[in-house]
Amino acid sequence: MNVGTRGSSLAVVQTKSIISSLSKITDEEVKVNLIKTTGDKIKDSQLYNIDAKGIFTKELDKAVLEGEVDFAVHSFKDLPTELADGLEIIAVPRRESPREVLISKYSWDELPEGAEIGTSSLRREAFCSYHEKNFNIKPIRGNIDTRVKKVIHGDYHATIMAEAGLKRLGLQEHIKEIFPIEYFTPAAGQGALAVVARGDTDKRDVLRKLNHSQSENEVIAEKTVLEELGVGCQWPLGVSARTNGDLLDLQSILLTKEGEVLSKVNLQGSAANARELGVEVAKRMMEDYV
């Protein structure tokens, strides 16, 4: 089998974890194809100012569709709300932590007014305002270890990142503070991976064995909110589903760029009806601001 992945250190580590899991399922050798995406080539812009869907996935999806690779491994939150025709998410492996963390020599409450915070995420920028933090928000790009080094070297007072990526790269020693989900709600699908292949792939049975049903239900609920609202990274939306026995607790918050709450909805429903729960949350949110 051939797998496609971005060439970043995180993408490669994530792909290797999938290959390791596959080695316990099949004797078939898996070869890695590194593919550069549009998002990897753009270094000087806030992501929410880039008018392009799937900037971290498009080239990988093209390779899958054209048969250059059998499947691709994506960070779930990078996926566009609608996959290209012919593609399917075959599996969602066990999810890593979805939480947000602070990288800084300061604690969150110690950061001074006007502190330079590096982020290219409109959601993270809006949450800083939501919590009445008068920071100087500056763009920051680069892979995870590059962004960590920029804070360590004093280019920024702090940055906010996903805990999952730091843990996967063994960089959790740089985490100063972990934010509760309720305080700093993450992006839909954060911490999860997606194994994407053609809908007619003959590798389905093998790849499907990578699936973790609890993680799949969570990201289905979260992504459904995103799809139903019709918003992408141009909107500050935080959404998180957490399994509670046979139930899902789904919370979602939509902010303005200035940090004002447009809608905040928390609902609980059956994990087996994850999509329906996401639809209901989105419906209630639209009633608040449309």
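Cβ-Cβ distances below 6 Å connect the following pairs, each with a first residue in the stretch 58-80 that is farther than 26 Å from PRO98 by Cβ, a second residue that is of a type in the set (Gly, Ala, Ser), and a separation of six or more residues or different chains: ALA63/GLY4; LEU65/GLY86; VAL69/GLY4; VAL69/ALA63. Being open to solvent by 50 Å² or more (accessible area, probe 1.4 Å) and within 30 Å of VAL196 (Cα to Cα) is not true of LYS149. Hey, can you tell me all the residues within the stretch 250-290 that are open to solvent by less than 60 Å² (accessible area, probe 1.4 Å) and among the hydroxyl-bearing types (Ser, Thr, Tyr)? Within the stretch 250-290, SER252, THR256, SER263, SER270 qualify.
Could you tell me which of the residues ASP61, ASP78 is within 13 Å of ALA194 (Cα to Cα), surrounded by 22 or more Cβ atoms within 10 Å (Cβ to Cβ) and at pLDDT below 95?
None of the others qualify; the one that does is ASP61.
Might you let me know whether the stretch 115-128 holds any residue that is in contact (Cβ under 8 Å) with a residue 24 or more places away in the chain and either open to solvent by 50 Å² or more (accessible area, probe 1.4 Å) or among the acidic types (Asp, Glu) (or both)? Taking every residue of the stretch 115-128 in turn, at least one turns out to be in contact (Cβ under 8 Å) with a residue 24 or more places away in the chain and either open to solvent by 50 Å² or more (accessible area, probe 1.4 Å) or among the acidic types (Asp, Glu) (or both). Scanning the stretch 14-25 for residues that are open to solvent by less than 30 Å² (accessible area, probe 1.4 Å) and among the polar types (S, T, N, Q) returns GLN14, THR15.
In the stretch 186-226, the qualifying residues are those that are in a strand (DSSP E or B) and among the aliphatic types (A, V, I, L, M), and the one that is nearest to ALA164 (Cα to Cα) is LEU193.
Is there a residue being in contact with a strand residue (DSSP E or B) (Cβ under 8 Å, 6 or more places away or on another chain) and assigned to a loop (DSSP other than H, G, I, E, B) anywhere in the stretch 250-271? Yes, that holds for at least one residue.
Give the residue that is farthest from TRP235 (Cα to Cα), with candidates limited to residues of the stretch 108-124 that are assigned to a helix (DSSP H, G or I) and under 16 Å from the mean Cα position of the chain (by Cα). For the stretch 108-124, the residue satisfying everything is ARG124.
When the criteria are applied in full, THR159 meets the requirement of being buried (at least 22 other Cβ atoms within 10 Å of the Cβ), over 24 Å from VAL92 (Cβ atoms) and either at pLDDT below 95 or touching a strand residue (DSSP E or B) at 6+ places or on another chain (Cβ under 6 Å) (or both).
Considering SER263, SER252, the condition of being among the small types (Gly, Ala, Ser), at pLDDT 95 or above and within 27 Å of LEU87 (Cβ to Cβ) is satisfied by SER252 alone.
The values are calculated or read from the model by the stated rules, or taken from the named source; none is laboratory data. Quick caveat: nothing in here was measured; it's all calculated off a predicted structure. Glycine also receives a Cβ, built like all others from the backbone with ideal geometry; neighbour counts cover every protein chain displayed. When the accessible area is computed, the model is the full protein with side chains, heavy atoms only, and any ligands, DNA or RNA have been set aside. Shrake-Rupley method; radii C 1.70, N 1.55, O 1.52, S 1.80 Å.
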